[in-house]
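A.B. asks: Here you go, one structure.
The values are calculated or read from the model by the stated rules, or taken from the named source; none is laboratory data. As the structure is a computational prediction, the values presented were derived from the model and not from experiment. As a convention, Cβ positions derive from the backbone with ideal geometry for all residues, glycine included, and neighbour counts pool all protein chains shown. These area figures cover heavy atoms from the full protein model, side chains too; ligands, DNA and RNA do not enter into them. Shrake-Rupley method; radii C 1.70, N 1.55, O 1.52, S 1.80 Å.
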Amino acid sequence: MTTPVRDALPDGVPALTGDVLAIRGGRPLRGRVDVKGAKNLATKAMVASLLGETVSTLRDVPAISDVAVVRSLLEVHGVRVSEGDEPGSLVFDPSDVESAHFEQIDAHAGASRIPILFCGPLLHRLGQAFIPDLGGCRIGDRPIDFHLDALRKFGAIVEKLPSGIRLSTGGSRLHGANIHLPYPSVGATEQVLLTAVRAEGVTELRNAAIEPEIMDLIAVLQKMGAIISYEPNRVIVIEGVEKLRGYDHRSIFDRNEAASWASAALATDGEIFVGGAKQQEMLTFLNIFRKAGGWFDIQEDGILFRRDGEIKPVVIETDVHPGFMTDWQQPLVVALTQAHGRSVVHETVYENRMGFTDALVKMGADIVVHPRGLQDGPRRVPRRDLEQAAVITGPTPLHGADIVVPDLRGGYSHVIAALTATGESKVSGVDILSRGYEKFLAKLDALGADFDVIR
């Protein structure tokens, strides 16, 4: 049956499930949405609460499924999680941390890759950790070897099993290490930080990721009593301490969600005010957005986004921070299908992130994916063997189609493409959007989108 969204309120809209969205496009999105704490900080700060000996409070926590998964995993390990003194805050009491059965961890982890980050804190607290097979969006190889190699250097004993990984300290305290990452991986950097803060001695991490969410995690750990210094050339030095206390911290805003709504305003020729968005963390995105024909106004409580005339073609090279984030390119590609000319997107972070363009081509876009990248032309970001490139020629009118969500950002892009297109589209698999977008359907409704939930 079809459930009209407005009949399902007043307190929100139906939760995203395996249902299908029937979207009627051609209507500009206009209005205000507010972004809360970043998914990529909140979930990691929740894990960090395991390291403290007193209660921690995290504020501006987004109501997304990834947060729910981490909460369940913390509770399985004996952490008492409760609502805080303001909406969107969570309190973590780790005084009774205990080992969890492998089956419990596997059941609560679902498709999340967060469990790998439990290793360091659990090794410190319990001397052992169990990690099930890891899920996550199918956007390319996200090897955990970086994580395991780092943990071994701290002194962890790693045993790979058919159903997952068992780690232990062998009865000894983990020790500091000199670690050089072959690539500035965000996840591996987080792993080192969460492990090194209570390891004996000094850890020097070279070629570290320096994303704003990483810096915010460092701020969380420093509040807990950690000694961490950030030095030039992607070097982070951590002096291990014996004990850490809890924290009280307000999460950095979700710049990925903010960029997604900005791209939606550009694609649909709408006007969206993103409450909570800040300029500094989005400088690189804002530059490309302006080059592509976007207009924005930086205000005290957020950023207003809209189109400034026709959309212009751009060349994008994704990269680690401070480069153009890989999470930003997928929503922006939808807008680039309406640009007057040829745009090129070089994806250098994940090798399978261009699969979402198949649905856009089905809707009428002119996109050619080069699975081994493009070798000609000047480049600022060093080429990688895994990279792909997409050439988008526009403008091409988009028409409605039946499409299936492939991953988090690609799924958002499909929804925005459907809202840009003429006619009706049916988008299935939208439940994955709940991993990173809080109250997604309610926000679409507030912006004037025309859609129904088909059960």
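A.B. asks: Within segment 398-427, whose backbone N sits under 19 Å from a point 7 Å along Cα→Cβ of Val361?
C.D. replies: Residues 398-407, 410-411, 413-415, 417-418 qualify, since their backbone N sits under 19 Å from the label point.
A.B. asks: Mind checking the angle between helix 186-196 and the chain's longest principal axis? C-alpha axes, 0 to 90 degrees, to the nearest 10.
C.D. replies: Rounded to the nearest ten degrees, it is 20.
A.B. asks: In whole angstrom, and with the biggest value first, how far do the Cα coordinates of segment 249-405 range along each principal axis?
C.D. replies: In descending order, the Cα extents are 42, 35, 30 Å.
A.B. asks: From a point 7 Å beyond the Cα of Arg342 in the direction of its Cβ, which residues of segment 307-333 have a backbone N at a distance under 17 Å?
C.D. replies: 312-317
A.B. asks: Right, another one. Which whole-number percent is the relative contact order of the chain (Cα, under 8 Å, 6+ apart)?
C.D. replies: On the way: 1093 pairs, mean separation 104.1, N = 455.
For the chain, the relative contact order is 23 percent.
A.B. asks: Further question: Treating only the Cβ atoms of Lys and Arg (+1) and Asp and Glu (-1) as charged, compute the dipole magnitude of the chain about its Cα centre; round to the nearest 20 debye.
C.D. replies: Details: 48 positive and 59 negative charges, 154 e Å.
Magnitude of the dipole: close to 740 debye.
A.B. asks: A further question on this structure: Express the accessible area of the chain per residue in Å², computed with a 1.4 Å probe while the remaining protein chains stay in the model.
C.D. replies: Values: 17630 Å² over 455 residues.
Per residue, the chain has 39 Å² of solvent-accessible surface.
A.B. asks: Please compute the contact order of segment 267-325 in relative form: average sequence separation of alpha-carbon pairs under 8 Å and at least six residues apart, divided by the residue count, as a percent.
C.D. replies: Working: 78 pairs, mean separation 21.3, N = 59.
Averaging sequence separation for qualifying contacts and normalising by length gives 36 percent for segment 267-325.
A.B. asks: Continuing with this model, one more query. What is the spin-label model distance, in nm, from Ile157 to Arg383 if the labels are put 7 Å beyond Cα along the C-beta direction?
C.D. replies: 4.6 nm
A.B. asks: Can you find, among Ile131, Val274, Thr393, the residue sitting farthest towards the positive end of the charge dipole of the chain, where Lys and Arg contribute +1 and Asp and Glu -1 at Cβ?
C.D. replies: The residue sitting farthest along the positive end of the dipole is Thr393.
A.B. asks: Using a 1.4 Å probe on the protein heavy atoms only, what accessible surface does Asp85 show? Give it in Å² to the nearest 10.
C.D. replies: Number for this one is 130 Å².
A.B. asks: Still on this structure, please answer the following. Can you say what percent of the DSSP beta bridges in the chain, counting only those with both residues inside, are antiparallel? Round to 5. Present the calculation step by step, with values, prior to reporting the outcome.
C.D. replies: Working: 62 of 82 bridges.
Within the chain, antiparallel bridges account for around 75 percent of the total.
A.B. asks: Now, a different point. When only the heavy atoms of the protein chains count and the probe is 1.4 Å, how do Met215, Met224 rank by accessible area, highest first?
C.D. replies: Working: Met215 65, Met224 0 Å².
Ranked list, largest accessible area first: Met215, Met224.
A.B. asks: Could you compute how fast segment 365-420 diffuses translationally, taking Rh as the Kirkwood radius over C-alpha pairs and applying Stokes-Einstein at 37 °C with viscosity 0.692 mPa s? Give it in µm² per second.
C.D. replies: Values: Rh = 13.6 Å.
Rounded to a whole number, D works out at 242 µm²/s.
A.B. asks: Based on the inverse mean of 1/r over its pairs of different Cα atoms, what is the Kirkwood hydrodynamic radius of segment 389-455, in Å?
C.D. replies: On the way: mean 1/r = 0.0778 Å⁻¹.
The Cα-based Kirkwood calculation yields 12.9 Å.
A.B. asks: Of Ile114, Gly201, Ala442, which is farthest on the positive side of the dipole of the chain, counting Cα position, with +1 on Lys and Arg Cβ, -1 on Asp and Glu Cβ, and the Cα centre as origin?
C.D. replies: Gly201
A.B. asks: Between helix 326-336 and the chain, what is the angle of the helix's C-alpha long axis to the longest principal axis, kept within 0 to 90° and rounded to the nearest 10?
C.D. replies: The two axes meet at around 0 degrees.
A.B. asks: Order the following by accessible area, largest value first: Ser72, Ser49. Probe radius 1.4 Å; ligands, DNA and RNA are ignored. Numbers along the way, then the final one.
C.D. replies: On the way: Ser72 35, Ser49 0 Å².
The ranking, largest first, comes out as Ser72, Ser49.
A.B. asks: Determine the gain in length on full extension of the stretch Leu283-Val235; use 0.36 nm per residue of separation and subtract their C-alpha separation, reporting nm with one decimal. Let's see the in-between values first.
C.D. replies: On the way: separation 48, 0.36 × 48 = 17.28 nm, distance 2.25 nm.
Gain in length upon complete extension: 15.0 nm.
A.B. asks: With unit charges on the beta carbon (Lys/Arg positive, Asp/Glu negative), name the residue among Leu286, Trp261, Ile303 whose Cα is farthest towards the positive pole of the charge dipole of segment 225-348.
C.D. replies: With unit charges placed on the Cβ atoms, the residue in question is Leu286.
A.B. asks: Further question on the same structure: Only helical DSSP H runs with n ≥ 4 go in: add -39500 (n - 2.57) per run for the chain, normalise by residue count and round the 222 nm mean residue ellipticity to 500 deg cm²/dmol. Mind showing how you got there, number by number?
C.D. replies: Values: 13 runs with 130 residues, N = 455.
Helices in the chain give a 222 nm mean residue ellipticity of -8500 deg cm²/dmol.
A.B. asks: Only bridges whose two residues both fall in segment 332-455 count here: according to DSSP, what percent of them are antiparallel, nearest 5?
C.D. replies: Working: 12 of 16 bridges.
Roughly 75 percent of the beta bridges in segment 332-455 run antiparallel, per DSSP.
A.B. asks: Same structure again: Once R0 is set to 41 Å, what does the formula 1/(1 + (r/R0)^6) return for the Cβ-Cβ distance between Asp402 and Asp96, expressed as a FRET efficiency to the nearest 0.05? Working shown, then result.
C.D. replies: Values: r = 49 Å, r/R0 = 1.20.
FRET efficiency, Asp402 to Asp96: 0.25.
A.B. asks: Follow-up. Taking N as the number of residues in the chain, what is its Cα Rg relative to 2.2 N^0.38 Å? Write out the running numbers ahead of the final one.
C.D. replies: Working: Rg = 22.0 Å, N = 455, 2.2 N^0.38 = 22.5 Å.
Taking the Cα Rg and dividing by 2.2 N^0.38 Å, one obtains 0.98.
A.B. asks: Take every DSSP beta bridge with both residues inside segment 240-348 and express the antiparallel ones as a percent of the total, to the nearest 5. Let's see the in-between values first.
C.D. replies: Numbers: 11 of 15 bridges.
Antiparallel bridges make up about 75 percent of those DSSP assigns within segment 240-348.
A.B. asks: At 7 Å along Cα-to-Cβ for each site, give me the label-to-label distance between Arg32 and Lys426 in nm.
C.D. replies: The two pseudo-label positions are separated by 3.7 nm.
A.B. asks: Moving on to the next point. Would you mind working out the magnitude of the charge dipole of segment 365-432 relative to its Cα centre, with +1 at each Lys and Arg C-beta and -1 at each Asp and Glu C-beta, to the nearest 20 Debye? Spell out each step's value before the answer.
C.D. replies: Numbers: 7 positive and 8 negative charges, 75 e Å.
The dipole of segment 365-432 has a size of about 360 debye.
A.B. asks: With all protein chains present, calculate the accessible area of Phe440 using a 1.4 Å probe and round the result to the nearest 10 Å².
C.D. replies: 0 Å²
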